[in-house]
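Presented below is the structure to which this report refers.
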Amino acid sequence: MYIDGDASGWVKQQLWDIYGKIDPDYVSGDLVLNINSVSGVTEGARLKVTTNKSNLNIRKGPGTDHEIVGIPARNELVMLVFKENDQWWYIRTDNGEEGYCYTMYLTPVEG
């Protein structure tokens, strides 16, 4: 496995850890992950909820141990209010729900 892109060492290590759970003996074929940088995303940017199948949880705080306070739909557009850290961003939906979402499921929208 090779991880390419502009991400912190912590993010890359998380990917290695996940891959190690999926293929603990590393017997599968080559895998290259290219991590797109989101460092240029600024406050007020539009983001698309890019979950695989389900809706996204908006939480009261930055972590899965915090209460769910909203649930934007898959492919819904939301606004970045601020970045708590590399993994949790505080967002606002068009209907006013606000809270923290896991960054992995938010994709910047061009234009």
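Every number here is computed from the coordinates shown, using simple stated rules; none is lab data. All values derive from a computational prediction rather than experimental measurement. Every residue, glycine as well, gets a Cβ built from its backbone with ideal geometry; the counts of neighbours run over all protein chains shown.
Can you list residues from other chains, or at least 5 along the same chain, whose modelled amide H is less than 5 Å from the amide H of VAL69?
ILE58, ARG59, LYS60
Applying the Karplus parametrisation 6.51 cos²θ - 1.76 cosθ + 1.60 with θ = phi - 60° to the phi angles of the stretch 71-84, what ³J(HN,Hα) value in whole Hz is obtained for each residue in order, glycine and proline being reported as x?
For the stretch 71-84, the Karplus-derived couplings read 9, x, 6, 4, 6, 5, 8, 9, 10, 6, 8, 7, 9, 6 Hz, x marking Gly and Pro.
Could you derive backbone 3J(HN,Hα) for the stretch 63-69 from the dihedral phi with the Karplus parameters 6.51, -1.76 and 1.60 (θ = phi - 60°), listing whole Hz in sequence and x where the residue is Gly or Pro?
Using θ = phi - 60°, the values come out as x, 6, 7, 8, 4, 7, 10 Hz.
Out of the GluC sites (Glu not before Pro) in the stretch 65-111, which ones are loop residues according to DSSP with at most 13 other C-beta atoms within 10 Å?
GLU67, GLU110
With the alpha-carbon atoms as the only input, what is the per residue convex hull volume for the stretch 37-82 in Å³?
Spelled out: Cα convex hull of the stretch 37-82, divided by residues, is 95 Å³.
Once both labels are modelled 7 Å past Cα along the beta-carbon direction, what's the THR50-ASN95 spacing in nm?
Reported label-point gap for THR50 and ASN95 is 2.5 nm.
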